[in-house]
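Colleague: To start, I am sharing the structure in question, which I have written as structure tokens.
The values are calculated or read from the model by the stated rules, or taken from the named source; none is laboratory data. Bear in mind the structure is a predicted one, so any value in this text is a computation, not a measurement. Glycine gets a Cβ as well: all are built from the backbone with ideal geometry, and neighbour counts include every protein chain shown. For the accessible areas, the whole protein counts, side chains as well, though only heavy atoms, and no ligand, DNA or RNA atoms are used. Shrake-Rupley method; radii C 1.70, N 1.55, O 1.52, S 1.80 Å.
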Amino acid sequence: SDLARFYPATCLETGYDILFFWVARMVMMGIELTGKSPFDVVYLHGLVRAADGSKMSKTKGNVIDPLDTVAQYGADSLRYSLVTGVTPGQDVPLNMEKIEANRNFANKLWNICKFVTSNALKDLSEDELKEFGVSGPITQEEFDQLSLPEKYIVSECHSLVASITEDIEKYQLGAAGSKIYEFLWDKFADWYVEISKTRLYEGAGGGGAEEVKAARRVLVYILDTSMRLLHPYMPYVTEQLWHHLPRADKNPDSAAHALMLADWPQMDDGSPLVTSKEAVTTFGCYQALTRSIRNARAEYNVEPGKRISAVVVASGPLKEELEKENKSLVALAKLDPEKVSVVDSDSAEAKAAIEEKSVQLVVQDGVEAYLPLSGLIDPEKERKRLEKRKEKLAKEIQKLAGRLNSKGFVDKAPAEVVEKAKAELAELE
């Protein structure tokens, strides 16, 4: 019967303000009439308030119409903002800047999907596309065949699945939603999508059949899994984008072939998804190396399009992995492919790099990079820049010295202003 199907339920979600007005009465009446409590869990969230924390009121004029917000930013961005803004025991300040940022996140998701479908999977036949449909998690055997970046992103994705599953089961909904955002933007889009281009495009050093196939497989797998995780938070955009991805055949038990009815990425808690701490640690070194070179480029004002040379000094398995990812390092750090080498710490090349005039970057224990100064700076341009800087400093010193030598300034100006001028002069000199 309908009563047996819908009663009792599991969880009631409501605001804390009606706990005694409504929730308590539901429990008492349910027990009185049926002998059973209508639910086992009461999930209390805070009240939605204005951005400054005050209560929304028509008299104050700070009421935000959700229909207007949806029309401007979309339903998913509003929904995601509200759910991820929930902190147990606290109200939810509705900040329009946050909603706009989450609208941008939805746009980012759309752009990632466009790259995968329009670039990575371009010109593939229907039969070839079906090969990349996700019908289950990546197995240990398939994982072992992947390269370092692929192992890293799959490991991080599988760790994310476990973490979000645990958070949702514990009703930590806001924390779970924020983790998906960080993974998709900071790890998948910023790192792996960029690295995948060095596998897919011949001009970037890729084009090999096996690495192209592996990159396509991982791109589709990570995006598909991320859609499943994000769907409870952003149901509309994820459902729409999911239908553009290669998909496995429809489950005969499902009413429709939809993301809403698709399996959760981890259906069996007793069988954890495959991960590799070693791959994550090694790739962390690769990331640190890339960031160090980028920071050095910025510090020495290297032109954005200029390719520079570099000698990376490492040893053991780490050296081997960095060598394999030479082409992706070239792309991400904008290095000259003909003037980049990864050498052993005890080799003659490493000693020569140390003796040459270069910028030394200590990435971590046992990993260093040397960037020859001749490739970083143009001596003539640097000389002109320093001369201009020298002239500017001389004028500032002359100006401050003139003010401090003026009796009118010293006698009439407040003591703190005079002391500040003296301190600035001493710093410039």
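Colleague: Which one, Ile397, Asn119, Tyr7, projects farthest toward the positive side of the charge dipole computed for the chain from Cβ point charges (K/R +1, D/E -1)?
Modeller: Ile397
Colleague: Could I ask something else about it? Can you give me the pair-distance distribution of the stretch 94-243, C-alpha pairs, 5 Å bins, whole percents?
Modeller: The calculated distribution, bin by bin, is 2, 8, 18, 22, 21, 15, 8, 4, 2, 0.
Colleague: For the chain, find the longest principal axis of its Cα atoms and tell me its angle to the long axis of helix 96-115, 0 to 90°, nearest 10.
Modeller: 90
Colleague: If you don't mind, another one. With a ≥ b ≥ c the root eigenvalues of the C-alpha gyration tensor of the stretch 3-81, is it rounded (a/c under 1.5), prolate (a/b larger than b/c) or oblate?
Modeller: Cα axes put the stretch 3-81 in the prolate bin.
Colleague: Using DSSP to define loop residues, name the GluC sites (Glu not before Pro) in the stretch 292-400 whose beta-carbon has at most 13 other beta-carbon atoms within 10 Å.
Modeller: Those satisfying the criteria are Glu356.
Colleague: Let me ask you something else. Does anyone have the angle between helix 379-405 and the longest principal axis of the chain? Alpha-carbon axes, 0 to 90°, nearest 10?
Modeller: Around 90 degrees separate the two axes.
Colleague: So, one more: Where does the charge balance sit around Val41 when Lys and Arg score +1, Asp and Glu -1, over other residues with C-beta under 13 Å from its C-beta?
Modeller: Charge balance near Val41 sits at -2.
Colleague: Compute the relative contact order of the chain as a whole-number percentage, counting only Cα pairs closer than 8 Å that sit 6 or more residues apart in sequence. It would help to have the intermediate numbers written out before the result.
Modeller: Working: 482 pairs, mean separation 51.4, N = 429.
Dividing the mean separation by the residue count of the chain yields 12 percent.
Colleague: Can you tally the net charge around Ile138? Count Lys and Arg as +1, Asp and Glu as -1, for every other residue whose Cβ sits under 15 Å from the Cβ of Ile138. All intermediate terms of the calculation are to be shown ahead of the outcome.
Modeller: Numbers: positive: Lys151, Lys213, Arg216, Arg217, Arg228; negative: Glu131, Glu141, Glu142, Asp144, Glu150, Glu156, Asp224, Asp263, Asp268.
Around Ile138, the charge tally is -4.
Colleague: Here's something else I'd like to know. What's the percent breakdown of Cα-Cα distances in the stretch 342-427 across 10 Å bins, shortest bin first?
Modeller: Per 10 Å bin, starting at 0, the Cα pair percentages come out as 14, 25, 15, 18, 16, 9, 2.
Colleague: Rounded, prolate or oblate: which one fits the stretch 116-164, using the alpha carbon gyration tensor with axes a ≥ b ≥ c (rounded when a/c is under 1.5, else prolate when a/b beats b/c, else oblate)?
Modeller: Prolate shape, in that a/c is at least 1.5 and a/b is the bigger ratio.
Colleague: Can you tell which of Val154, Val418, Val280 shows the greatest fluctuation in a Gaussian network model of the chain with Cα springs below 10 Å?
Modeller: Largest GNM mean-square fluctuation: Val418.
Colleague: What dipole magnitude, in Debye to the nearest 20, does the stretch 187-316 give about its Cα centre under +1 on Lys/Arg Cβ and -1 on Asp/Glu Cβ?
Modeller: 540
Colleague: While we're here: Any idea what the dipole of the stretch 117-192 comes to, in debye rounded to 20, about its Cα centre with Lys/Arg Cβ at +1 and Asp/Glu Cβ at -1?
Modeller: Here the stretch 117-192 has a charge dipole of around 300 debye.
Colleague: Heavy-atom accessible area of Met28 with all protein chains present, probe 1.4 Å, nearest 10 Å²?
Modeller: 130
Colleague: Find the centroid of the Cα atoms in the stretch 92-157 and in the stretch 1-61, then give the distance between the two in whole Å.
Modeller: 37
Colleague: GNM on the chain, C-alpha springs below 10 Å: top fluctuator among Leu44, Leu109, Leu289?
Modeller: Maximum fluctuation in the GNM of the chain, among the listed residues, is at Leu44.
Colleague: Tilt of helix 24-34 relative to the longest C-alpha principal axis of the chain, in degrees (0 to 90, nearest 10)?
Modeller: Long axis of 24-34 versus the principal axis of the chain: about 40 degrees.
Colleague: Here is a further query. Taking 4 °C and 1.567 mPa s as the conditions, I'd like the Stokes-Einstein D for the stretch 2-160 in µm²/s, using the Kirkwood hydrodynamic radius from alpha carbon pairs.
Modeller: Values: Rh = 20.7 Å.
Answer, rounded: 63 µm²/s.
Colleague: How much net charge surrounds Gly208 when only other residues with a Cβ under 15 Å from its Cβ are counted (Lys, Arg +1; Asp, Glu -1)?
Modeller: It works out to a net charge of +2.
Colleague: Follow-up. Just reorder His244, His158, His45, His231 by solvent-accessible area, largest first, 1.4 Å probe, all chains present.
Modeller: So, going from the largest accessible area down, we get His244, His45, His231, His158.
Colleague: Let me ask something additional. When the Kirkwood hydrodynamic radius is evaluated over all pairs of different C-alpha atoms of the stretch 223-348, what value in angstrom, to one decimal, is obtained?
Modeller: Taking every pair of different Cα atoms in the stretch 223-348, averaging 1/r and inverting gives 18.6 Å.
Colleague: Do any trypsin sites (Lys or Arg not before Pro) in the stretch 327-429 lie in a DSSP loop with no more than 13 other beta carbon atoms within 10 Å, and if so, which?
Modeller: Here the sparse-neighbourhood loop sites are Lys357.
Colleague: What shape does the chain have by the C-alpha gyration tensor, where a ≥ b ≥ c are the square roots of the eigenvalues, rounded means a/c under 1.5, and otherwise prolate means a/b greater than b/c and oblate the rest?
Modeller: Taking the square roots of the gyration eigenvalues as a ≥ b ≥ c, the chain is oblate.
Colleague: Among Tyr43, Tyr370, Tyr201, which one shows the biggest mean-square fluctuation in a GNM of the chain, springs joining Cα atoms closer than 10 Å?
Modeller: Residue with maximal mean-square fluctuation among Tyr43, Tyr370, Tyr201: Tyr43.
Colleague: Which value, in debye to the nearest 20, describes the size of the charge dipole of the chain about its Cα centre when Lys and Arg Cβ atoms bear +1, Asp and Glu Cβ atoms bear -1, and nothing else is charged? Could the numbers behind the result be given before it?
Modeller: Details: 54 positive and 67 negative charges, 439 e Å.
So the magnitude is around 2120 debye.
Colleague: Moving on to the next point. Given just the C-alpha atoms of the stretch 84-132, how large is their convex hull per residue in cubic angstrom?
Modeller: On the way: hull volume 4.6 nm³, N = 49.
Each residue corresponds to 94 Å³ of Cα convex hull volume.
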